[in-house]
Amino acid sequence: MSVNYSRTQNLDRGTISEVLPRLSFTMSQKYPFRKKASSGNYKWYELIGYNYSGLFQNNRNRTSDDLKIRGGIQHQVSVNASPKVGYLSITPSISYAEKWYNKKVEKEFAGLTFNGKDSIITKDVNEINMVRTFSTGVRASTKFYGIVQPGILGVSAVRHTVSPSISYSYTPDFSEPFWGYYGTYVNSEGNEVNYNKFEREIFGGPGRGETQNISFSVSNIFEMKTTANPSDTTSKEQKIQLLNLDASLSYNFAADSVKFSPLSLGFRTQVGNWFSFNGSSSYTLYDVNEAGQSIDKFLIDQGKGLLRLTNFSFSVSTSLSGEKLKSSEPETEAYVNQENEFQLGQAGQVYKGIYDTKDPDFTIPWDISLNYNYTLSKFNPSNVTTRSNLSSSLNFNITPNWKFSFSGSYDFDSKKFAAPQIRVSRDLHCWIMNFTWNPIGTYRGYTFEIRVKAPQLQDLKITKRDRFYSGY
């Protein structure tokens with residue numbers, strides 16, 4: 001259980017935003033039918049478990065002439081079981097959520113504006129409401145292995161683990177009138193428009209549309225075991241993960257058209273402790289119209305093959321660092337600054353490091369990293385786009401309490417350096433000082449900050465910022 005209070009005050013604008021309070025309670029998985037002195041060979045009903053989480057939150061937003069209060073209570077319960085039928089693991093589940101609100105909105109058409117657009121009046125209605133939603137599903141999975149024992153070049157065995165699974169999930173359409181969570185009004189063209197009565201509430205309202213998904217996935221893991229070198233007393237037997245390959249596909253019975261999802265493929269591998277490779281791709285079964293939008297016609301029926309590549313991404317990274325120094329201070333959870341996270345958007349890879357940065361680790365004397373990313377987008381065959389960039393970072397201690405950091409990236413498409421960043425940090429025992437400067441780029445400027453290290457007190461800080469946003 002946790003109790004939180006937060007307050008953000010803008011001294012220039014005179015606005016105050018408070019969360020007063022936020023109470024959360026989480027209950028880990030419980031098995032109500034399981035005996036305390038069980039030997040581990042459980043009966044099917046002893047595998048039935050449930051978990052619960054509850055949240056109460058009250059938001060207050062005050063301006064110089066207005067006060068808006070929004071509150072709510074949310075309950076979430078999930079019941080599942082995991083019995084085995086032969087080599088199959090069967091996992092049925094059901095999730096139930098309930099949200100309590102003391103307000104809702106009502107909308108009505110009020111005529112046309114001077115420029116001919118619909119004028120819609122939205123008003124709050126004080127009323128106790130309970131929004132109940134649920135979903136259910138079942139998953140079946142298994143696992144099998146293939147082992148080869150070559151006995152050459154120090155390789156004693158290579159194992160291939162295959163983990164296929166199939167799952168079904170169902171969620172009703174809570175925008176149907178039966179549930180009462182959506183309202184309607186008639187617009188200027190005489191058409192009915194649905195709206196969510198709880199769109200302004202802190203936990204939101206239920207989504208639109210029914211889903212009946214059946215999903216297929218398969219995971220492949222290739223591993224290798226090497227023998228110890230008999231001539232080296234320090235040599236040990238090693239297990240090395242060579243390659244991970246994943247594939248997934250789903251089918252939505254409730255969709256009006258384009259029922260198959262894209263086929264997704266992914267891989268991960270690592271070359272020792274030096275290089276890490278990651279890649280993913282997606283393929284569609286459907287053709288597109290002249291505007292590049294998917295239509296309910298299979299490619300194979302149009303004589304265009306079975307699949308079409310829609311997206312491909314690849315990255316390779318490497319890093320080196322000095323030996324970690326001993327520290328007399330206990331390790332604490334790293335603080336992550338997520339301020340202005342919304343500004344990253346699609347440029348997250350390029351501008352990552354400006355607004356999403358961790359506190360420097362003074363116990364590592366130096367470290368350097370390189371990361372290359374390539375993305376190909378072909379969702380619209382007539383508008384193929386690529387992105388390719390190389391990012392790097394260098395951090396080193398000037399003294400035990402001073403650290404210098406540099407990061408930046410090069411965009412191969414625009415042939416420009418993007419988002420270079422220079423940071424100087426000072427360890428002030430329980431506090432930390434950071435000066436960050438972005439000399440060029442979309443978010444050029446500087447930030448000076450002195451803040452408490454403890455993540456629980458991350459809002460206790462003094463910040464001076466001078467940034468210029470040149471994007472549009």
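Values quoted throughout were computed directly from the atomic coordinates according to the rules given, and no laboratory measurement underlies them. Everything numeric in this text was worked out from a predicted model, so none of it was measured. Cβ coordinates were reconstructed from backbone atoms using ideal geometry, including for glycine residues, and neighbour counts include every protein chain displayed.
By the equivalent-ellipsoid construction on the alpha carbon gyration tensor, the chain comes out with semi-axes of 41, 37, 29 Å, ordered largest to smallest.
So how much slack lies between E199 and E323, counting 0.36 nm per residue of separation and subtracting their Cα-Cα distance, in nm?
39.5 nm
Calculate, in whole percent, how much of the Cα-Cα pair population of the range 86-213 lies beyond 18 Å. Of all Cα-Cα pairs in the range 86-213, 70 percent lie more than 18 Å apart. Here the range 1-42 is described by how far its Cα atoms reach on the three principal axes: 65, 13, 11 Å, from widest to narrowest. The Cα-based radius of gyration of the range 163-233, divided by its Kirkwood radius, gives an Rg/Rh of 1.49. Length available on full extension from D413 to W100: 0.36 nm per residue minus the Cα-Cα distance, which gives 107.7 nm.
Measuring nothing but how far apart in sequence close Cα pairs (under 8 Å, 6+ apart) lie, relative to its length, the chain scores a relative contact order of 6 percent. Working ranking of peptides 195-206, 108-119, 390-401 by packing, defined as the average number of other Cβ atoms within 10 Å per residue, highest first, is 195-206, 390-401, 108-119. Projected label points at Q9 and T26, each 7 Å from Cα along the beta carbon direction, are separated by 3.2 nanometres. What FRET efficiency comes out for the pair K43/W366, r = Cβ-Cβ distance, R0 = 56 Å, nearest 0.05? The value I calculate is 0.45.
Sum -39500 (n - 2.57) across every DSSP H segment of at least 4 residues in the chain, then divide by the residue count to get the 222 nm mean residue ellipticity, nearest 500.
Here the helix-only value at 222 nm equals 0 deg cm²/dmol.
Here the range 9-73 was treated as a single set of alpha-carbon atoms; its pair distances binned every 5 Å from 0 give 4, 14, 15, 11, 9, 8, 7, 7, 6, 6, 5, 5, 3, 0 percent. Coupling constants for the range 384-396 follow from the phi torsions by the Karplus curve (6.51 cos²θ - 1.76 cosθ + 1.60, θ = phi - 60°), and in residue order they are 7, 10, 10, 9, 8, 8, 10, 10, 8, 8, 9, 9, 8 Hz; glycine and proline get x. Each of W437 and A228 was given a label point 7 Å from its Cα along the Cα-to-Cβ line. The distance between the two points is 5.5 nm.
Put a plus charge on the Cβ of each Lys and Arg, a minus charge on the Cβ of each Asp and Glu, and nothing anywhere else: the dipole of the chain about its Cα centre is then about 1020 debye. Projecting the Cα atoms of I295, P177, Q74 onto the charge dipole of the chain, computed from C-beta unit charges around the Cα centre, puts Q74 farthest toward the positive end. Length available on full extension from I462 to V125: 0.36 nm per residue minus the Cα-Cα distance, which gives 117.3 nm. With 27 Å as the limit, the listed pairs K68/K107; K35/K99; K30/K99; K403/K461; K403/K453; K239/K378 have K35/K99; K239/K378 beyond it between alpha carbons.
For the range 1-47 versus the range 436-462, the spacing of their alpha-carbon centroids is 30 Å.
Diffusion coefficient of the range 39-154 by Stokes-Einstein, Kirkwood radius over Cα pairs, 10 °C, 1.306 mPa s: 78 µm²/s.
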